[in-house]
Amino acid sequence: MTLIRSLLSHDLPRSRMLTALLLLTVFGLALAPFVFPGTKALNVAAKILVFIVLVGSYDLLLGYTGIVSFAHTMFFGIGAYGVAIASSRMDPGFTALAVGIVGALGVSLLLALVIGLFSLRVKAIFFAMITLAVAAAFQGLASQLSDFTGGEDGLNFRLPELLSPSTEFLEEPVLGVSIDGRLLSYYLLFVVAVGLVLALLRIVNSPFGRVLQAIRDNDFRAEAIGYRLVTYRTLSTLLAAVFATLAGALLAIWLRYNGPDTSLSFEIMLDILLIVVIGGMGTIYGAVIGSALFVLAQSYLQDLMRVGASAVEGVPVLSQLIAPERWLLWLGVLFVLAVYHFPNGLVGRLRQARRGS
């Protein structure tokens, strides 16, 4: 128990239901290749892992520091493009991956530093507008520099042989699953995502994280007692950029492809905002639960509605309401209901229920 407390930085779920949901998510993701065999299920599980890191990094910025930024997908895209560009120009290998990730982290840190120093001195609304403009400019740049980024077509690349689906480690499948490079890639994502989430928990529960929360709650008072707001906000922006860049690198490693729509799209930014609200701002556990619920709904709601529509085929109004092509409408309805019933997010509501009991 002491080890678990230490790993979680003494930030326990503080709710039995939340603990059960977290354990279900972690074990579900750990056993996904064996419990849910199939390409789509594995892609969904990998997407959940990537979004947990990405949303957690954004929550460090929004939920813990109170900074509204629309440029987060830019750092996500830089991580993905770093791996894609290095791997498509160098021989496939871990050296290319390392060069891509280190180069992407360098670019992200430089851009985050510039944004932090020049933009965090202005009011929140102007900072949000500046980040939106920077993100749009970066996406346009990535689309136009086709010789470097592949333009709208993006870049396909090869991974090290060890992570290739053609690499078979065992001749016979285990529990019906081939033990190959694709499986190793998935567990690489899983281990790195778990490590990054634990690192985020360590950051937000450190004295540095407490200062960020003090700035979020009352920046005037925090500055009055001696904390330099620009320094802490810039450090928060740098850390969030690092984690988002690593999430982008994980996405590129899994897909073995990257393009503007894959990692720089504004739709991804909207998804991040929705997940933060659903899971609960100011809690890393919200990123875990919110990402799992949102990606599962996004991936399977249409299939579920197709089954429902088949069951009520012939019923005039009902069959039209739950037609598969209206899945986005129902996803929006579910989001509105989630915000209405869980204004502090799912994690906030579960913790409140625990305190109330």
Criterion: open to solvent by less than 80 Å² (accessible area, probe 1.4 Å) and either at pLDDT 95 or above or within 25 Å of G28 (Cα to Cα) (or both) - qualifying residue of L273, L293:
L273
Tell me the residue from F243, F208 that is touching a Ser or Thr at 6+ places or on another chain (Cβ under 6 Å) and of a type in the set (F, W, Y), please.
F243
Could you figure out which of (1) surrounded by fewer than 21 Cβ atoms within 10 Å (Cβ to Cβ); (2) closer than 28 Å to V83 by Cα isn't true of W254?
(1)
Is it the case that some residue within the range 105-121 is open to solvent by 70 Å² or more (accessible area, probe 1.4 Å), among the hydrophobic types (A, V, I, L, M, F, W, C) and not in a helix (DSSP H, G or I)?
no
When only residues in the range 191-245 that are part of a helix (DSSP H, G or I) and of a type in the set (K, R) count, which is nearest to the chain's Cα centre (by Cα)?
R202
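Among M129, M74, which is within 29 Å of V277 (Cβ to Cβ) and at pLDDT 90 or above?
M74
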Would you mind finding the one in V347, V336, V317 that is closer than 27 Å to L273 by Cβ and surrounded by fewer than 11 Cβ atoms within 10 Å (Cβ to Cβ)?
V336
Suppose we filter the range 50-93 for residues that are without any contact (Cβ under 8 Å) to a residue 24 or more places away in the chain and assigned to a helix (DSSP H, G or I); how many remain?
2
Residues of the range 308-325 satisfying the condition of being touching a helix residue (DSSP H, G or I) at 6+ places or on another chain (Cβ under 7 Å) and not in a helix (DSSP H, G or I)
V312, E313, I322, A323
For residues in the range 1-21 being closer than 15 Å to R349 by Cβ and among the hydrophobic types (A, V, I, L, M, F, W, C), which is surrounded by the fewest Cβ atoms within 10 Å (Cβ to Cβ)?
A20
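The values are calculated or read from the model by the stated rules, or taken from the named source; none is laboratory data. Quantities reported herein were computed from a predicted structural model and do not represent experimental measurements. Note: ideal-geometry Cβ built from the backbone for every residue, glycine included; neighbour counts use all protein chains shown. These accessible areas exclude ligands, DNA and RNA; they are computed on the full protein's heavy atoms, side chains included. Shrake-Rupley method; radii C 1.70, N 1.55, O 1.52, S 1.80 Å.
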